[in-house]
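The values are calculated or read from the model by the stated rules, or taken from the named source; none is laboratory data. Keep in mind it's a predicted model, so treat the numbers as computed, not measured. Glycine gets a Cβ as well: all are built from the backbone with ideal geometry, and neighbour counts include every protein chain shown. Remember, those area values only see protein heavy atoms, side chains included, never the ligands or the DNA or RNA. Shrake-Rupley method; radii C 1.70, N 1.55, O 1.52, S 1.80 Å.
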Amino acid sequence: MALFREAVGEVRSVNNDRVETEKRPQRPLLRHSEQDDRSVMQSLLEDLSEFDMLETGEHLSYTQPGLQRSVLKKLKSGRYSIQSEIDLHGLTVNEARQELAEFLVAAQERRHLCVRVIHGKGRKNADRAPRLKPAVNQWLQRNRQVMAFCSARMNDGGTGAVYVLLKRN
């Protein structure tokens, strides 16, 4: 007991048994966070080089490093419910870039985790390579909020659409 009293030191009695709680500091208000997010998105979706526009294979597939294979497998099999979609048919590459950027920001704000992007197959003009499909492929790979994407099942657009899995906020 003497060793305990020596280790504890001088003790004084407490008159109240309430715990004094400190107010939690409020999270700083990010006034320009939405504008910052949009500018980052815009910089990620800057003009693509001709190298980026080369024809990709029929099926698109991408996962961020470290993502479990089972997640991509579930995405490919359509086990995640599609919470929203965008159809980019008929848009120019620049128009599609802007629409896709706005769509992805809105999907994140609505807390959607799985969305479908319909880009088409680009086969209307046999003498020209598809432009929108490889552009969408590059844009999605450059977007930090995209965890994975893959070509859709046949009943959801096949290789003319992709399922996109977004990060949670």
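Exactly one residue among Ala101, Ala107, Ala96 is closer than 16 Å to Val162 by Cβ, among the small types (Gly, Ala, Ser), in contact (Cβ under 8 Å) with a residue 60 or more places away in the chain and not in a loop (DSSP other than H, G, I, E, B), and that residue is Ala101.
Considering the range 122-169, the residues that are among the basic types (Lys, Arg) and in a helix (DSSP H, G or I) include one that is modelled with the highest pLDDT, namely Arg142. Checked against (1) over 14 Å from the mean Cα position of the chain (by Cα); (2) open to solvent by less than 80 Å² (accessible area, probe 1.4 Å), Arg131 passes all but condition (2). The set of residues in the range 57-93 that are open to solvent by 80 Å² or more (accessible area, probe 1.4 Å), assigned to a loop (DSSP other than H, G, I, E, B) and either in contact (Cβ under 8 Å) with a residue 12 or more places away in the chain or in contact with a Ser or Thr (Cβ under 9 Å, 6 or more places away or on another chain) (or both) comprises Glu58, His59, Ser81, Gln83, His89.
What's the number of the condition Val117 fails, among (1) of a type in the set (Val, Ile, Thr); (2) part of a helix (DSSP H, G or I); (3) closer than 19 Å to Ser61 by Cβ? Unmet condition: (2). Filtered by the rule that a residue be of a type in the set (S, T, N, Q) and either within 18 Å of Tyr80 (Cβ to Cβ) or touching an Asp or Glu at 6+ places or on another chain (Cβ under 7 Å) (or both), the range 91-120 gives a lone residue, Gln108.
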